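The values are calculated or read from the model by the stated rules, or taken from the named source; none is laboratory data. This one's a predicted model, so the numbers in the text were calculated from it and none came from an experiment. Cβ placement follows ideal geometry from the backbone for every residue including glycine, while neighbour counts extend to all protein chains displayed. To get the accessible areas, we keep the full protein, side chains included, count just its heavy atoms, and leave off ligands, DNA and RNA. Shrake-Rupley method; radii C 1.70, N 1.55, O 1.52, S 1.80 Å.
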Amino acid sequence: MTLSVEEIDKKYNVRPFVDPQPTSIDVNPLTLTAIDLSLFREGEDGLESRQKLASILESSVTTYGFFNIINFGIDNDHIEHLRAVSQSVLTIPHEEKLKYLASAARKEDEKPGNIGGERGQGFKPKGYWAIKNGVRDSIDFYNVRDTYHDDFLNHPERHPELLQAHLKEIADYYNYLHRVILPQILRLCDLILKIPEGSLLNHYFKNSGTNQDTSGSHGRLMLYQPYDEETSLKETENMYLRGHSDISALTFITSQPILSLQIKDVYSGNWRYVNHRPNSLIVNIGDALEFISGGHFKACLHRVVQPPRDQVGFNRLIIIYFCNPSNESELDPEVLNSPTLARLGLTKEDKLKEWQKIQFHDWNDTKGQLLGRSEAGERNLLKFYGRFIERWHHFPLET
Ligand SMILES: O=C(O)CCC(=O)C(=O)O
Ligand SMILES: [Fe+2]
């Protein structure tokens, strides 16, 4: 007997996710620039509107690498429903999760070459990473890969029962970000680089969002459960997720009231909480788009820490989409011939001399193997393929 969606929801107690109130403590959060996508107009007539948005976007992508999008075409009730489903998916019994693991259950048990819990399809259960002093992480997530492949909906057996019942709406959400929102943002980036609109999409995202795309773009349903106070303060230095930049081109995160996400302020060097903007998504530049733009757009370091006192003790739930360029795209701006980048000396002949020719999969594989590998320690710098950039705080240098 097959259950209806309503019966399945009832079985898993699908209910609205309840966020706490905004904090009343002044922690000097960083309010990101909002890009209002309802102002994005098509055609020759719309060029002025797009130029305006591009000039607002420029100051964000070249400094913090973080911004908000608003009025992007999905209403909040829809996102709240996905959060409700995610809450129940992420709290199914641990034994059930073990049947749908992204990779090993603990980082230490990964075999060389494994894709790892960070990127594999399925659950990364709580406790996968060692954080500090024997304390393990307190984050459950479920990665949903290749939602845009034709046969994604034909393989419900790859997912737990509750997710099976909601596979289409989850795929629709991620595919909308990939096929509608990504091209719009890239066109604004084209305008910043003073190149024809469509250039970034055509050169670096060929086959992107189709059956041929194996770049590993993926969605993530993510639940943070609080540590008890003693563990949190004494053992983990209030750290939930260590500082890193994303591998992606662009990452989309649902904004919610718990202030926990911090980014490294490019001006002061201090970590700052990212402010919540209701009904928005947080979008950040990942390594891939930083490289494609010759380093002009910044993949900033971010981390997740304990929130202000009045928000401690609540679960925090977000939905993420990591959007990648195609595997074979070359991660440098050469083909673009951008006047903006030429003016800044961000070319092979000038500031990018050391950069080796690499394709997206090179970076994805190399960095992917390093994610979350060691206990937290001192901050270190990493250099790969001639690109000397901090990519994962607290990672030992001996690699
Ligand atoms: O929890 C967040 O707000 C961000 C998570 C994150 O940075 C990541 O999963 O890469
Ligand atoms: Fe991240």
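Couple of notes before you dig in:
- Most positive-pole-ward Cα, Val180, Ala130, Ile285, against dipole of the chain from beta carbon charges: Ala130
- Among the GluC sites (Glu not before Pro) found in segment 1-56, those both in a DSSP coil and sparsely packed, with 12 or fewer other Cβ atoms within 10 Å of their Cβ, are Glu42.
- Reachable lysines, given that their alpha-carbon falls under 18 Å from the alpha-carbon of Lys353 and they are not under 8 places away in the same chain: Lys383
- Accessible area expressed per residue, the chain, with surrounding protein chains retained (probe 1.4 Å, Å²): 43
- Residue-averaged 222 nm ellipticity for the chain, from DSSP H runs of 4+ at -39500 (n - 2.57), nearest 500: -6500 deg cm²/dmol
- If you run the Gaussian network model on the chain, springs between alpha carbon atoms under 10 Å, then out of Asp213, Asp77, Asp265 the most flexible one is Asp77.
- Convex hull per residue volume in Å³, alpha carbons only, for segment 33-173: 182
- For segment 5-394, the Cβ-based charge dipole about the Cα centre amounts to some 820 debye (Lys, Arg positive; Asp, Glu negative; other atoms uncharged).
- Cross-link table Lys52/Lys348; Lys194/Lys298; Lys126/Lys367; Lys111/Lys132; Lys11/Lys126; Lys298/Lys348, entries beyond 20 Å C-alpha to C-alpha: Lys52/Lys348; Lys126/Lys367; Lys111/Lys132; Lys11/Lys126
- For segment 113-164, alpha-carbon Rg over 2.2 N^0.38 Å: 1.40
- If you model segment 5-394 as an ellipsoid using its alpha carbon gyration tensor, with each semi-axis the square root of five times an eigenvalue, the axes come out at 31, 24, 22 Å, biggest first.
- Cα gyration tensor shape for segment 1-100, rounded if a/c is under 1.5, else prolate or oblate: prolate
- Centre-to-centre separation between the Cα atoms of segment 167-231 and those of segment 59-131: 15 Å.
- Listed values for segment 303-312 are Karplus-derived 3J(HN,Hα) couplings in whole Hz (6.51 cos²θ - 1.76 cosθ + 1.60, θ = phi - 60°), namely 8, 10, 10, 4, x, x, 3, 6, 10, 6, and x replaces Gly and Pro.
- Compactness index (Cα Rg / 2.2 N^0.38 Å), segment 205-349: 1.22
- Over segment 117-248 - Rg/Rh using Cα atoms and the Kirkwood inverse-distance radius: 1.07
- For segment 221-277, the residue among Gln225, Thr251, Met239 whose Cα projects farthest onto the positive side of the dipole built from Cβ charges is Thr251.
- Only protein atoms count toward the accessible area here, which uses a 1.4 Å probe; on segment 5-394, the carbon and sulfur part of that area reaches 49 percent.
- Selection from Phe152, Pro339, Cys323 lying farthest towards where the dipole of segment 5-394 points positive, charges on Cβ: Pro339
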